[in-house]
Amino acid sequence: MHVLLLFGRLGLAGWTATRQRGLWFHQDMSVTFLERFDVIGKVLALQRTALSYKMVEDELALFDKSINEFWNKFKSTVSDTSCQMVGLRDTYKDSIKAFAEKLSVKLKEEERMVEMFLEYQNQICRQNKLIQEKKENLLKLIAEVKDKKQELDALTANIQDLKEEYARKRETISTANKANEERLKRLQKSADLYTDRLGLEIRKIYGDKLQFIFTNIDPKHPESPFMFSLSLNEARDYEVSDSAPHLECLAEFQENVRKTNNFSAFLANVRKAFTAIVYN
């Protein structure tokens with residue numbers, strides 16, 4: 001079909017060229033008759049060919065028309081397809097944009113989650129640090145409590161020792177008090193004896209001392225007092241002082257009574273010493 005169309009178009013072009021040549025034939029008066037007859041035959045043949053070419057041109061016109069219709073339909077289809085593609089492209093862009101927005105929101109949420117995680121991690125680190133400090137303080141307190149417990153045990157042991165020592169001292173004091181009571185009883189008996197026979201008076205004065213007062217020594221003045229003071233020192237020994245009138249031999253008498261514990265002889269010696277002063 002395409003070959004016929006091609007030959008038809010070539011024939012039409014030849015016929016047009018022949019017409020132009022015919023014009024040229026009529027103008028050229030020097031051509032021969034044979035040549036003119038040959039040209040006329042060719043012209044007639046070309047005319048018949050032209051008629052057939054006319055039919056071909058009609059078919060070509062119909063073909064062109066169908067081609068144009070096909071082309072218009074194709075363009076319409078392509079236009080519709082292009083519109084669909086544009087719609088799909090816009091939908092795709094919208095989907096991509098929505099997805100990008102969702103992705104951006106998701107990324108922001110993940111960033112917030114990361115920030116929260118880091119904040120929680122920092123809080124945990126701070127809490128762990130505080131816990132470590134409290135643990136160290138607790139260990140220090142436990143060590144201090146142990147030290148205090150050891151000190152308490154030592155103090156308890158010291159208190160127990162002090163209690164035992166106090167009990168021993170109390171026992172010693174009790175024994176000493178009993179001995180002193182017995183000694184006082186003896187002294188009281190001696191005092192009563194010396195009061196009745198020798199004019200001796202015993203008084204308790206400041207500093208837990210006993211004051212011994214003798215009378216009836218000076219015949220001219222029987223009521224004149226001769227006195228000295230007696231006490232017990234920390235060693236529970238006799239301590240003689242404050243004699244009036246003063247006796248030089250009082251220290252010697254003190255040593256003798258500490259050695260012999262013979263208080264009656266001590267009093268007798270003191271009275272003799274006061275009497276010797278009166279007569280001398």
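What does the extension gain come out to for Asp90 and Ser224, with contour length at 0.36 nm per residue minus their alpha carbon separation? Intermediate results must be reported in sequence, preceding the final value.
Details: separation 134, 0.36 × 134 = 48.24 nm, distance 14.77 nm.
Net length gain for the segment: 33.5 nm.
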Fill in the blank from the handout: With 0.36 nm assigned to each residue of separation and the Cα-Cα distance removed, Thr260 to Glu101 gains 45.0 nm
Problem - region 227-280, accessible area per residue, ligands and nucleic acids excluded (1.4 Å, Å²) - result: 57 Å²
Completion exercise
Note: Glu144 to Ile67 extended length (0.36 nm per residue) minus current alpha-carbon separation gives 16.7 nm
Practice task
Only Cα pairs under 8 Å and at least 6 apart count here; give the relative contact order of region 214-271 as a rounded whole percent.
Solution key: 22 percent
Fill in the blank from the handout: As a Kirkwood estimate from alpha-carbon pairs, region 63-153 has a hydrodynamic radius in angstrom of 20.7 Å
Practice task
Go ahead and run the numbers for FRET between Gln132 and Arg168, Cβ-Cβ distance against an R0 of 51 Å, rounding to 0.05.
Solution key: 0.45
Completion exercise
Classified through the alpha carbon gyration tensor (a ≥ b ≥ c as square roots of its eigenvalues; rounded if a/c is under 1.5, else prolate when a/b is larger than b/c, else oblate), region 207-280 comes out prolate
Exercise for the section: Determine the alpha carbon to alpha carbon distance for each of Lys185/Lys259; Lys106/Lys129; Lys178/Lys259; Lys73/Lys93 and list only those over 23 Å. Expected result: Lys106/Lys129; Lys73/Lys93
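Please state the shape class of region 145-280: rounded when a/c is under 1.5, otherwise prolate if a/b exceeds b/c and oblate if not, all from the C-alpha gyration tensor. If you can, show how the numbers build up before the last one.
On the way: a/c = 3.69, a/b = 3.14, b/c = 1.18.
It is prolate, given that a/c is not under 1.5 and a/b is the larger ratio.
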Problem - Asn158-Thr77 pseudo-label distance in nm [points 7 Å out on the Cα-to-Cβ vector] - result: 11.7 nm
Practice task
Within region 186-280, report the trypsin sites (Lys or Arg not before Pro) that DSSP leaves as loop and that have at most 10 other Cβ atoms within 10 Å.
Solution key: Lys220
Handout entry: Label-to-label distance, nm, for residues given as Arg112 and Lys178 (7 Å Cα→Cβ offset)
Key = 9.5 nm
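The values are calculated or read from the model by the stated rules, or taken from the named source; none is laboratory data. Since the structure is predicted, the reported quantities are computational estimates derived from the model, not experimental observations. Backbone-built Cβ (ideal geometry, glycine too); neighbour counts: all protein chains shown. The accessibility values were calculated without ligands, DNA or RNA, using every heavy atom of the protein model including side chains. Shrake-Rupley method; radii C 1.70, N 1.55, O 1.52, S 1.80 Å.
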